[in-house]
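Here the structure is laid out as structure tokens; the discussion comes afterwards.
The values are calculated or read from the model by the stated rules, or taken from the named source; none is laboratory data. Worth saying up front: this structure is predicted, and the values here are computed from it rather than measured. Calculation scope for accessible area: heavy atoms of the full protein, side chains included, ligands and nucleic acids excluded. Shrake-Rupley method; radii C 1.70, N 1.55, O 1.52, S 1.80 Å.
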Amino acid sequence: MIKSINKIKNFGLFKDFKWSSNIPNFSQYNLIYGWNYSGKATLSRMFRCIESKLLHSDFQNAEFELTDDKNNKITHNDLEFLVSISCFQH
């Protein structure tokens, strides 16, 4: 299970995002909502990269790092990480 998104760089509107201590960690079920163009689709694209184990074709220079509940790091450099993610986009 993904616990946090440590950083996102050069991925859509996320130019240099860093997880802040005032942001709660993810739990088993999470709802992501916000205004149009606030980054929801970009986040789903990042999760889709992890699911498909491929970088998004529009963001080949993107960087991201996530932490799972066992404190393992998932990065743009190592998409072979064994984590089960299902991302549904319309």
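P(r) for segment 1-67, from all Cα pairs and a bin width of 5 Å, is 4, 15, 26, 31, 18, 6, 0 %, short bins first.
Taken per residue, the accessible surface of the chain reaches 71 Å², heavy atoms only and a 1.4 Å probe. How many percent of the accessible area of the chain is carbon or sulfur, using a 1.4 Å probe? Accessible surface attributable to carbon and sulfur in the chain totals 51 percent.
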